[in-house]
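Values quoted throughout were computed directly from the atomic coordinates according to the rules given, and no laboratory measurement underlies them. Because the structure is predicted, anything quoted here is derived from the model rather than measured. Note that each Cβ is placed from the backbone with ideal geometry, even for glycine, and that neighbours are counted across all protein chains shown.
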Amino acid sequence: MLNLHKVRRGQVFSFTLTELILLILFILLLLLWLITNKKNEELVKWTEVTGTSTPEEYKMLYPNFPDKTTTPDIQDRLKAANKELIKLKEENKELKEMLEKFAEKTGKENPEDLPLNTKAAIAKAEGLGRNPPCWPKGWPENPDYEKADRIFNIIFLGTDKIAVIPDFKNVYKDQYNLLPINRSIMSSYDDYKNNTLNIISSKKFLESFNQLLVISQKETDSKHPNLTLRRDCRHEVRIFDELDDNKSEYKRLLHNTVENIFTYYIFQDDNVDQYYRKNK
């Protein structure tokens, strides 16, 4: 006779075992989904950080990089490397701008083309001292931006009395004609010898050379035909003192007048006559 109790027990066991197997399969599928989803999230993060789809692709592009997966440590390192790359690009841009300014200030595209001790040539750009000369010594064949070819002889004759004599190399004749200078205030060496100098005041001096200062500060173009417009520069002059030991007036004329427009070289050993006899 059929034992119904045993049959029911077998059915219950059979259903329970089937459900258990289904439950295990469900759990396995859930774990597989979680692992796959986590892997996909890691790949998304990898792509965001590296710009490549997979570690294998990154390794192919960058074979020297450590062969690791996207652990938090490697992500941090990649982010840091990406920031460093951005920083280097910005520094490269700044360096390029500096070189462009250097070329404008000195007329040289390569710093190695300048002679040694070129602080004077780039002083203005670095805030170290005086401006570079508008007429560099040795121009045009071998310009030395540390030294200047001078444009005028300036004579201090007495209290608020100044005379200006143009005195420059022949190579600058065309350059001189390009400058906005009030030529009516000029004197000559013959005027000096004949005691007929055109004597002006410090106020007249500043008014007459103001436009020259303006164009000296312009920095229009490093290739401009007018040397004075190539960079923020100053013309240099020679100073001769005939003030009879009036030190306070000498300092006023030098620092409050001439120095507002020009850089200068002071002749201490030679007077005007001695200078012209030696150099003309």
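Computed FRET efficiency, Cβ-Cβ of Lys169 and Asn256, R0 35 Å: what is it to the nearest 0.05? The value I calculate is 0.75.
Taking 0.36 nm per residue of sequence separation and removing the Cα-Cα distance, the Asp221/Leu25 pair yields an extension gain of 62.7 nm. Scoring 19-31, 143-155 by mean Cβ neighbours within 10 Å over their residues and listing the highest first yields 143-155, 19-31.
Over the range 200-241, with a single point scatterer placed on each C-alpha, what log10 of the ratio I(q)/I(0) does the Debye formula yield at q = 0.22, 0.34 1/Å? So the normalised log intensities work out to -0.75, -1.10.
Placing pseudo-labels 7 Å out from each Cα toward the beta carbon at Leu213 and Glu48 gives an inter-label distance of 5.9 nm. What the Cβ-Cβ distance of Lys278 and Asp191 gives, at R0 = 25 Å and to the nearest 0.05, is a FRET efficiency of 0.80. Using equal-weight Cα scatterers in the Debye expression, the normalised intensity of the range 123-279 in log10 at q = 0.08, 0.09, 0.11, 0.13 Å⁻¹ is -0.22, -0.28, -0.43, -0.60.
The residues packed around Trp139, meaning those with a beta-carbon under 11 Å from its beta-carbon, carry a net charge of +1 if Lys and Arg are +1 and Asp and Glu are -1. The peptide list 255-267, 179-191, put in order of mean Cβ contacts within 10 Å with the highest first, becomes 255-267, 179-191. Calculated FRET efficiency, Ser201 to Ala81, Cβ-Cβ distance, R0 = 51 Å: about 0.15 to the nearest 0.05.
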